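S.K.: Structure below; questions to follow.
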């Protein structure tokens, strides 16, 4: 028999609680915890919650973005970038995180899921290094 | 001087154009024994090449729901959890050019013989393409429309093989036997005998000791055979992933030459170790084990590799790949899983036996268990004429030999057959690294099958054979000319040969 993964549990919880509220939602959640207890999977609750969050975001059209720059980005530029990314990924909502990292030297790196657009100076220098080292 | 360097660098930097592109990037979740589990890489294909943050390459093999199982083609100790992994969008490929001839390369086509990189310039002495090309290591085998039936021989220079179990260009003939029975020796002899035969050779060493490989390379260099040979090596100390891909790299190199219309002989030494390496990878990737713990697709592993050996018809550029896979058996058990698989895939097998080897019959070919399903149509007419009944004679001899041990009263016909058999075994014995030319084989076998050797003492057969070849070369020139140039067998040539053999024999017996 195939093993039950945290993702399987998360999907089941999502389907059981979808479109429910109040007492009904409370009952479903209580049932979910009981099943986890019976299946001895309480220890995996962190992974299950993470998967549940992923499922929720996917279903609700939420896109997570991670932006890394060398210096702090101005508020106006941030807003513009968020708007552009929301349009590009056709997202209903955008959850963005901004990081400052001096090592990138300049430019920016945008990560959306496993898609990465690296326009940092560090990456350009790496490309230049590769270009100069290749045999001609 | 320094100004010149700066100026050159400035020019190169000006020519450089940085491009910003969106890439699929994954993260290493865990690394163990040459395998990495990677998250992300959602659009990756099976067999696609990936690059790790430290420059190492890998191949995506297991596409799971949330992770990708990657085999690492290099040093996995420098890859750590959290490292970035980039998909390249390309199936694993190797660079090949005509200058790869004479070189020893590793499983990913990188030279390891200390002679520097394989350059694009110059081309080879045999002409053809001189630029570097990229060949994917996994490729679908040529279709049925592009193929032609086997019709031209591969002369191995080994009498027992060329006469009884002939191999044709485009054939897949398995060399099977226990350890230390001379499987590699046959392969090396076959390579040595390709000199001047318009054949490129690729030797793929899988999981072999480096010392054995070095010895083999030295032997080929001594015989001036490296000039038409490429060695692909995945040593015993290297990761299983490299042993797994080495045969595919070898056949890609062979395809590069076949695409130029050339004939290629490829030797996989050996596919038992290849299967073991694949089993190791599969178990680490948590694929379900089957018989002998091999994964379910171990048959496909070898069938897709050996199916790439073929003979293409002239419309599709000609050329051929002849494959000689080697399988090592345990205690002569050819009914084990991998041997039976490869026997069913190939067009015949040459079975080498330990008992024969220790009896001094070398090459230790068991004629009864060996077979060539398509090679006989590739035999030249002269060889067909002289070796037609040899296999049957030898099989009968083996049977009679066992039977004669029970009683001493044998009729004359049986005694004659036994004596002929003893001489046939003696004639088929051959020392290592001494391949015999086809025309010489024809002369010896003619003398044997026509009974000229029947009254020569068994211990003088070798002496008789070498003397006969010397004598006929001088006195049966028309015969040799016909066999070498037109591969024909005429009554006139036969008469000349008969006379030469009779003359030599009368002087030898005296």
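Any read-out appearing in this document is the output of simple, stated calculations on the displayed coordinates, not a laboratory observation. Just so it is clear, the model here is predicted, and its values are computed rather than measured. Please note: Cβ atoms are built from the backbone with ideal geometry, for glycine as well, and neighbour counts cover all protein chains shown.
S.K.: Write down the percent of antiparallel bridges among all DSSP beta bridges whose residues are both part of chain B, to the nearest 5. Mind dumping the intermediate values first?
M.R.: Values: 39 of 69 bridges.
Antiparallel bridges make up about 55 percent of those DSSP assigns within chain B.
S.K.: While we're on this one: I want to verify a result. In a Gaussian network model of chain A, Cα cutoff 10 Å, which of these has the top mean-square fluctuation: A:25, A:52, A:95?
M.R.: Highest fluctuation of the listed residues: A:25.
S.K.: Per DSSP H run of n ≥ 4, the term is -39500 (n - 2.57); total these for the protein assembly as shown, divide by its residue number, and report the mean residue ellipticity at 222 nm rounded to 500 deg cm²/dmol.
M.R.: -12500 deg cm²/dmol
S.K.: Only bridges whose two residues both fall in region B:204-362 count here: according to DSSP, what percent of them are antiparallel, nearest 5?
M.R.: The antiparallel fraction comes to roughly 15 percent.
S.K.: Using only Cα atoms, tell me the angle between helix B:210-222 and the longest principal axis of chain B; keep it within 0 to 90° and round to the nearest 10.
M.R.: It is inclined by approximately 60 degrees.
S.K.: Give the separation of the Cα centroids, region B:1-79 to region A:108-136, in Å.
M.R.: 11
S.K.: Sort A:131, B:464 so the one with the fewest other Cβ atoms within 10 Å of its own Cβ comes first.
M.R.: A:131, B:464
S.K.: Take the alpha-carbon centre of region B:81-104, take the same for region B:229-296, and report the distance between them in whole Å.
M.R.: 16
S.K.: Give the angle, between 0 and 90 degrees and rounded to the nearest 10, that separates the Cα long axis of helix B:271-284 from the longest principal axis of the Cα atoms of chain B.
M.R.: The answer is roughly 30 degrees.
S.K.: Still on this structure, I have one more. Measure of size requested: the Rg and Dmax of the protein assembly as shown, with Cα atoms as the atom set and Å as the unit; please supply both.
M.R.: Values for the protein assembly as shown (Cα only, Rg and Dmax): 32.9, 116 Å.
S.K.: Tilt of helix B:240-258 relative to the longest C-alpha principal axis of chain B, in degrees (0 to 90, nearest 10)?
M.R.: Between helix and principal axis, roughly 70 degrees.
S.K.: Arranged by the count of other C-beta atoms within 10 angstrom, fewest first, what order do B:440, B:302 take?
M.R.: B:440, B:302
S.K.: Moving on to the next point. Which percent, to the nearest 5, of DSSP beta bridges fully inside the protein assembly as shown are antiparallel?
M.R.: Numbers: 53 of 91 bridges.
Antiparallel bridges make up about 60 percent of those DSSP assigns within the protein assembly as shown.
S.K.: For B:300, B:452, B:244, A:14, what's the fewest-to-most ordering of other Cβ within 10 Å of each Cβ?
M.R.: Lowest to highest Cβ neighbour count: B:300, A:14, B:452, B:244.
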